[in-house]
Amino acid sequence: MQTQKIAELIKVARKHGTPLSSAKVHISADAAYDIQWINALQRIDAGDQIVGWKLGYVSQVMRAAMGISEPNYAPLFANSIISSGADLPERVIAPRVEPEIAVVLDQDLVPASYWLSLEIVDSVWKDYDFTWAHNTADHSSSSFAVIGPKLADGITQKELLHSMDTLEFGFADDEHERWDPHSCDLDIQSSIHWLQNELNNAPQKLRPGDIILTGGLCAPVRLGPGESLECVVTMKDSWVALDSSSLRVKISRER
């Protein structure tokens, strides 16, 4: 099947909320980004704009959770950013949520600031049964993102993780799973360098001011109708510029 036809198949399936069988759609690794960019450029032509990038499968925990052996990327669009505490739009298939650290790049393309975030992934492939190529063609399952509150400005990843005491993630009004920030296997700056190299031959390059979703900190959690998921971070160092030592980000889905 030609790349243009596959791109249209993915776009229509997502528009109507009808999942596809990956077994019935062959996508080669060489064609995956071509398909992704066909739909991305159509979004730009329709008036949306790229405000950053989503990194996929840069952590071992995410590769193990999804059975993917190498990273990928996808553009982050302005109309995919939603406010903390908001309800997901109705046009979702089977959303899952990952807590992440987002960064905003400075003029040298290094992190200027760090933000607590949630990424909402929503694969067009039925039951999240896909290869790397299927996932990459489908925008790395990227659907929506909640950015903020800010964690810190002008520090290194090592300093940021040192300043974080605990991170909890789970359903609102229920017991949360606690995650140790020091167990993080992300290397944010290396991931940004990888992304910059990957974008050398892409229609759009990495730019100062771009928002980067740096990868899931734990396995994604399903978000069903009527449910809310939240991530809470407790900071331990007073020099981090915060209004409170406890920061929270939340997403809900209507019944």
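Of note, ASP129 does not satisfy the criterion of being under 18 Å from TYR73 (Cβ atoms), of a type outside the set (Lys, Arg) and touching a residue at least 40 places away in the same chain (Cβ under 8 Å). Taken over the range 132-154, the criterion of being part of a loop (DSSP other than H, G, I, E, B) and either under 12 Å from the mean Cα position of the chain (by Cα) or without any contact (Cβ under 8 Å) to a residue 60 or more places away in the chain (or both) is satisfied by GLY154 alone. Quick check on the range 123-136. Is at least one of its residues within 23 Å of ASP210 (Cβ to Cβ), surrounded by 22 or more Cβ atoms within 10 Å (Cβ to Cβ) and at pLDDT 90 or above? There is at least one residue in the range 123-136 that is within 23 Å of ASP210 (Cβ to Cβ), surrounded by 22 or more Cβ atoms within 10 Å (Cβ to Cβ) and at pLDDT 90 or above. Please find, within the range 58-114, the residue that is surrounded by the fewest Cβ atoms within 10 Å (Cβ to Cβ) out of those that are of a type in the set (D, E, K, R) and outside any loop (DSSP other than H, G, I, E, B). Ranking the candidates gives ASP87 first.
For the range 161-174, the set of residues classified as without any contact (Cβ under 8 Å) to a residue 60 or more places away in the chain and touching a Leu at 6+ places or on another chain (Cβ under 8 Å) consists of PHE171 only. When ASP34, ASP48 are checked against the criterion of being surrounded by fewer than 21 Cβ atoms within 10 Å (Cβ to Cβ), in contact with a helix residue (DSSP H, G or I) (Cβ under 7 Å, 6 or more places away or on another chain) and in a loop (DSSP other than H, G, I, E, B), a single residue qualifies: ASP48. Scanning the range 12-25 for residues that are surrounded by fewer than 17 Cβ atoms within 10 Å (Cβ to Cβ) and either at pLDDT below 95 or under 23 Å from ALA202 (Cβ atoms) (or both) turns up LYS15, HIS16, GLY17, THR18.
How many of the residues making up the range 26-63 are touching a residue at least 24 places away in the same chain (Cβ under 8 Å) and either touching a Cys at 6+ places or on another chain (Cβ under 7 Å) or under 21 Å from LYS205 (Cβ atoms) (or both)? The qualifying residues number 23. If you go through the range 148-170 and keep only what is among the basic types (Lys, Arg) and surrounded by fewer than 15 Cβ atoms within 10 Å (Cβ to Cβ), you end up with just LYS158.
Only one of the listed residues (ALA74, ALA78) is touching a His at 6+ places or on another chain (Cβ under 7 Å) and closer than 24 Å to GLN196 by Cα. That residue is ALA74. Of all residues in the range 75-107, those satisfying the criterion of being of a type in the set (Val, Ile, Thr) and either free of Cβ contacts under 8 Å to residues at least 60 places away in the same chain or closer than 18 Å to GLY215 by Cβ (or both) are ILE81, VAL97, ILE101, VAL103, VAL104. Elements of the type strands (runs of 3 or more DSSP E) sitting completely within the range 160-238 and holding at least 3 residues that are in contact with a helix residue (DSSP H, G or I) (Cβ under 8 Å, 6 or more places away or on another chain): these cover 164-171, 211-216.
On the basis of being modelled with pLDDT under 95, of a type in the set (A, V, I, L, M, F, W, C) and buried (at least 23 other Cβ atoms within 10 Å of the Cβ), does ILE120 make the cut? Against the criterion (modelled with pLDDT under 95, of a type in the set (A, V, I, L, M, F, W, C) and buried (at least 23 other Cβ atoms within 10 Å of the Cβ)), ILE120 does not qualify.
The values are calculated or read from the model by the stated rules, or taken from the named source; none is laboratory data. Note that the coordinates shown come from a computational prediction; the quantities given were computed from them, not determined experimentally. With ideal geometry, Cβ positions are generated from the backbone for all residues, glycine too; neighbour counts draw on all protein chains shown.
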